[in-house]
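Chemist: Okay, here's the structure, questions in a sec.
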Amino acid sequence: MSKQCPGSRPKADPGLARDRLAAVGFIASLLSHRARNKLATIRAALELLHAGMEKNMPPEYRAALLQEMDALVGDFNLGVDMVRCEFGLLEDLSAQAVIDSVLEEFGPAAQRCAIRLEHRFDPEVDRVWADRRLLRLVLLNLLRNSLQALEGVDAPAIAVRTESADGRCAVEVNDNGPGIPAGFYERIFVESVTGWGGTGLGLMLCRDAMTVMGGGIRYATPKGAAGARFRLDFAAGMRAS
C-alpha cells in the first residue's frame, strides 16, 4: 500500500529544453575548444611513449593525463546528452539509487585525485519525481565542478546527502574547496562564467534541467564563504505507508 506524498506530480516543461537545444551550436563550439586543448596535451604524452621516453613521464604527470581524459570524456558525454536526451520524462525514482550509480561512475576520478566521497541518505524522502538522465547529468556536472575546485586543497572531500524539506526532497552536493568568489555569486546560473574552477556552461544546464523537472537549484553557501554547497529541490514521490 502506498500513498502520494504532499503535492501533485510536477509538470515537465519540454519547451524550455527545446529552447536550450537551439543553442547547441554554442555548446559545440565551447566543447570543441576545450577538446582541442586536452587532445593536444594527450598527443604530447603519446609522442613521448612512441619515442620510448616513458621514464620522462612521472606518476603525477600520468595522473594529470588521466584527469584530462576524464574531463574530455565528461565534456563529450555532456554534449551528447544535451542533443539526445528526451527531456521531461518524469518518473517516480529512488534518489539513493540514482546517486549511488553516479558516485560509482565518478569514484575512479575522485580516487585518482585522493578526494574522499561521502554520502548520507534520508530514507523518509528517497522517492522523487525526476527525469533519470537529467538528474544524472546535474549530479555529474556538480561533482566534476567540485573535483576541479578541489585541486591543491588539503584533505579534499565531497559530500552528497538527501533530506526532507517542507514535504519535498532536497539533494545537496558540497565540497571543502574555496567556494565561489563573491564576484561570481550572482552570475553562476545565468552566464557562461569561468575562472573559479568550472566551465559555467554546466551550471546553466543544471538550472534548466532542474526547471524542466519541476524543481530548482541554488548555491547555498553564504556569499564569499569557503566550501561550495549546491542544493537541488524536487517534488517528493511515492513512499510506503
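Chemist: When the chain is fully extended, how far beyond the present Cα-Cα distance does Glu104 get from Asn56, taking 0.36 nm per residue of separation?
Modeler: Gain on extension, Glu104 to Asn56, equals 14.1 nm.
Chemist: Need one number: nm distance between label points at Ala97 and Leu49, each 7 Å from Cα along Cα→Cβ, rounded to one decimal.
Modeler: Calculated label separation equals 3.8 nm.
Chemist: I'd like to compare 39-48, 217-226, 129-138, 143-152: which one has the highest average count of other Cβ atoms within 10 Å, and what's the full order after that?
Modeler: 129-138, 143-152, 217-226, 39-48
Chemist: Moving on to the next point. Would you mind computing, in nm to one decimal, how far apart the modelled labels at His119 and Ile42 are, each placed 7 Å from Cα along Cα→Cβ?
Modeler: That separation, rounded to one decimal, is 2.7 nm.
Chemist: Next question, about the same structure. Compute the distance in nm between two label points, each set 7 Å from the Cα along the Cα-to-Cβ direction, one at Ala225 and one at Glu151.
Modeler: Result for the modelled spin labels: 2.7 nm.
Read-outs throughout are calculated quantities, based only on the coordinates presented, and are distinct from any laboratory measurement. Keep in mind the model is a prediction, meaning the values are calculated, not measured. Please note: Cβ atoms are built from the backbone with ideal geometry, for glycine as well, and neighbour counts cover all protein chains shown.
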